[in-house]
Amino acid sequence: MKRILALIISSLIWPTITDAQLLIPEPINLQSDNYKTFKITKIVEVLDTICGLEPEAYAITTKNGKVTLTASDRAGIVHARATLAQLVGVGPEEFMYDDAFNGKIAPEINIADKPAFPVRGFMHDTGRNFREIEMLERELDLLAFYKLNVFHWHLTDNPAWRIECKAYPQLNDPQYQRKGRDEGRFYTYDQIRAIIKYAQSRGITVIPEIDMPGHSQYFDKTFGFSMASEQGMAVLKVCLEEFMEEIPAELCPYIHIGSDEVYISDPRGFMQFCEDIITKGGRTALAWYPGLPSSENTISQIWSDEGRRASGKGFPRRYIDSYMGYLNLGNPIVNSANFFLHQLCSVEAADNKAMGGILCLWNDVRVADKIKTFPHNGMPEGLLGFAQSSWGGGKGYEGAHTDLFPKPGTEAYEALTAFEKKMSYHRDNFLEDWNMRWVANASTPWEVSISYQEKDIITEAWGGCVDLNAVCRENGFTAQVGDNICLTTKIHVERDTVITAWVGFDSPSRSTRMSDGIGKQGQWENGGRVFVSCDNDQTSTEILPPKPWDEPEAYRHHRHTWHQAPNELPYTDEQFFWMREPAQIPLKAGWNTIRLVCPRLFNASNWHAAFIPVKQHSDGNISEANGLKFSKPSSLSSQ
């Protein structure tokens with residue numbers, strides 16, 4: 001696998017300290033006096049509990065071939081290794097092994113670093129779609145490489161109970177599980193213990209989630225009664241106690257009990273029942289908020305707008321922010337910016353209640369090819385921004401709007417475009433095996449023309465992918481069926497050429513099939529159209545999809561499809577513009593106008609338009625299409 005020496009030029013001279021800012025997350029303190037470099041001959045790990053370093057904090061000193069990594073706990077050592085790996089070009093699958101560093105060129109440098117939040121996590125739902133142990137281990141390597149320290153393992157959901165059950169083996173019987181959802185697949189206790197120990201070796205705490213009493217259709221089907229009934233609670237108690245006996249508290253100090261999206265007759269009694277079992281087992285409980293009412297000792301995980309409004313200084317208990325962090329919703333291009341700009345818990349750093357955040361990946365829709373789960377949902381590109389904001393702390397950028405790219409001249413814009421350079425570097429040097437479907441795009445300017453109730457509104461937007469619902473909200477209205485939005489930008493090239501670009505007019509959520517589906521043969525989805533014209537000769541060309549659709553007009557569902565048959569149809573690459581072959585865009589020397597026409601066909605929760613120039617490589621990876629100059633929105637308005 002390709003490995004480019006990170007941050008070192010071919011002459012082996014350390015160029016500037018600012019180059020080290022390509023690290024994700026960026027250290028809070030990095031110093032070097034002489035910019036000298038050397039070949040690594042020895043790595044020394046110093047685990048010193050009286051060194052004065054806070055939990056997970058670390059220090060790195062490099063001198064004359066020797067690298068010293070100092071921390072007060074094992075997690076700090078792992079974080080130090082991750083930083084060193086990024087400095088010298090060692091990837092996420094290798095950085096835990098000393099042999100990978102031998103002979104690498106390192107700068108003489110001193111780093112002191114610590115996290116802003118004690119919880120920096122990633123949640124994967126394996127209840128709906130099972131994931132192999134080898135895949136989970138690879139994910140854990142990636143999390144550790146970017147200094148995440150929690151793996152929230154959602155082990156049960158409506159399709160299946162994914163935990164071995166000795167007391168009630170029928171819970172693992174495929175006949176009681178949803179057909180097509182990896183029936184009969186579950187994790188043995190040996191496998192669960194192995195994953196937890198693997199995570200611990202990488203500074204990661206596993207928080208298993210057993211969703212109770214909601215998201216448990218498999219339970220009703222297996223036993224013939226609900227989990228919240230007297231009979232169900234008796235079964236559940238046996239299952240929880242068996243789990244805690246098999247997985248001791250030193251391996252698993254936290255257990256997530258779910259509790260959201262369910263209505264039962266005695267919510268307080270049920271939650272007290274679950275919390276008492278968890279507490280008796282020597283664990284701390286977590287629960288979703290909003291959800292069934294939990295005690296002040298239970299950690300709340302905020303998941304909705306209602307929860308976000310309730311959380312803050314007056315919130316009565318410890319809480320974790322997952323409000324902004326759903327990879328499976330929205331659009332991965334927009335999400336990547338959102339996660340970077342989002343201020344976790346609305347504070348710069350942790351306090352006695354605000355603990356941090358967990359990035360979530362849910363898949364209500366059945367997944368056939370598990371390899372596609374990450375690229376379909378924008379992982380790892382979403383992880384990179386989250387890693388920076390959760391480790392470095394949220395800045396609370398003024399002018400940063402949810403789902404809209406910030407405007408040039410703002411602090412948020414400057415921060416995001418600088419971070420995009422880091423993301424591109426990591427995509428090309430550490431994540432080439434992860435099918436990262438993202439390129440830098442925040443500075444693309446658009447003039448936005450909105451036809452709304454016989455009014456014409458002219459405004460501006462930025463970014464290669466524009467959330468049209470968010471543009472309407474920003475202008476004080478909600479688009480209705482029949483409204484129309486046009487996006488216009490200009491591209492300058494020195495000579496006649498053909499570029500390639502992702503073009504798209506829809507972003508289907510991976511939790512429901514609500515979308516207009518694939519376009520008619522020879523047309524874009526959602527009724528979208530794209531035109532390119534040369535300013536010099538006024539010629540105009542309509543850009544059509546680059547090849548015939550495999551499934552034209554398929555998957556059209558104008559309502560949410562949760563728990564319905566369409567959710568059992570796996571997504572294919574053709575349905576996501578970021579997975580498709582880029583379109584050919586002919587440009588002539590000089591200025592060319594790109595115009596996207598976006599009709600509002602139905603009341604979609606996701607309504608996006610995208611035009612993102614990309615360069616596609618022979619191995620399938622993508623990168624920025626360099627050498628293009630975009631005009632500013634102000635120049636568009638004046639012409």
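Between Glu454, Glu494, which is surrounded by fewer than 23 Cβ atoms within 10 Å (Cβ to Cβ) and without any contact (Cβ under 8 Å) to a residue 40 or more places away in the chain?
Every option except Glu454 fails the conditions.
Among (1) in the same structural domain as Lys179 (by TED's automatic domain parsing); (2) in contact with a helix residue (DSSP H, G or I) (Cβ under 7 Å, 6 or more places away or on another chain), there is one condition Asn435 misses while meeting the rest; what is its number?
Unmet for Asn435, out of (1) in the same structural domain as Lys179 (by TED's automatic domain parsing); (2) in contact with a helix residue (DSSP H, G or I) (Cβ under 7 Å, 6 or more places away or on another chain): (1).
Which ones in segment 42-72 are in a loop (DSSP other than H, G, I, E, B), free of Cβ contacts under 8 Å to residues at least 40 places away in the same chain and within 30 Å of the chain's Cα centre (by Cα)?
Hit for segment 42-72 is Ser72, nothing else.
State whether one or more residues within segment 132-143 are of a type in the set (Asp, Glu), surrounded by fewer than 22 Cβ atoms within 10 Å (Cβ to Cβ), part of a loop (DSSP other than H, G, I, E, B) and out of contact with any Leu (no Cβ under 8 Å at 6 or more places or on another chain).
Taking every residue of segment 132-143 in turn, at least one turns out to be of a type in the set (Asp, Glu), surrounded by fewer than 22 Cβ atoms within 10 Å (Cβ to Cβ), part of a loop (DSSP other than H, G, I, E, B) and out of contact with any Leu (no Cβ under 8 Å at 6 or more places or on another chain).
Looking at Thr156 and the list (1) farther than 30 Å from His426 by Cα; (2) without any contact (Cβ under 8 Å) to a residue 60 or more places away in the chain; (3) surrounded by 24 or more Cβ atoms within 10 Å (Cβ to Cβ), which single condition is not satisfied?
(2) is the only condition that Thr156 fails.
State whether the residues of segment 567-580 include one that is in a strand (DSSP E or B) and not assigned by TED's automatic domain parsing to the domain that holds Arg178.
No, segment 567-580 contains no residue that is in a strand (DSSP E or B) and not assigned by TED's automatic domain parsing to the domain that holds Arg178.
Name every residue in segment 237-285 that is touching a residue at least 40 places away in the same chain (Cβ under 8 Å), assigned to a helix (DSSP H, G or I) and either touching a strand residue (DSSP E or B) at 6+ places or on another chain (Cβ under 8 Å) or not basic (Lys, Arg) (or both), in order of residue number.
Matches in segment 237-285: Val238, Cys239, Leu240, Glu241, Glu242, Phe243, Glu246, Phe270, Phe273, Cys274, Ile277.
Answer with yes or no whether Val119 is of a type in the set (A, V, I, L, M), surrounded by 20 or more Cβ atoms within 10 Å (Cβ to Cβ) and in contact (Cβ under 8 Å) with a residue 24 or more places away in the chain.
Yes.
Applying the selection to segment 2-41, what residues are modelled with pLDDT of 50 or more, more than 31 Å from the chain's Cα centre (by Cα) and buried (at least 16 other Cβ atoms within 10 Å of the Cβ)?
Across segment 2-41, the qualifying residues are Ser32, Lys36, Thr37, Phe38, Ile40.
Based on this model, can you work out whether Leu292 counts as touching a Pro at 6+ places or on another chain (Cβ under 6 Å), of a type outside the set (Asp, Glu) and buried (at least 17 other Cβ atoms within 10 Å of the Cβ)?
Against the criterion (touching a Pro at 6+ places or on another chain (Cβ under 6 Å), of a type outside the set (Asp, Glu) and buried (at least 17 other Cβ atoms within 10 Å of the Cβ)), Leu292 qualifies.
The values are calculated or read from the model by the stated rules, or taken from the named source; none is laboratory data. Keep in mind that what you see is a predicted model, and the values were worked out from it rather than measured. Note that each Cβ is placed from the backbone with ideal geometry, even for glycine, and that neighbours are counted across all protein chains shown.
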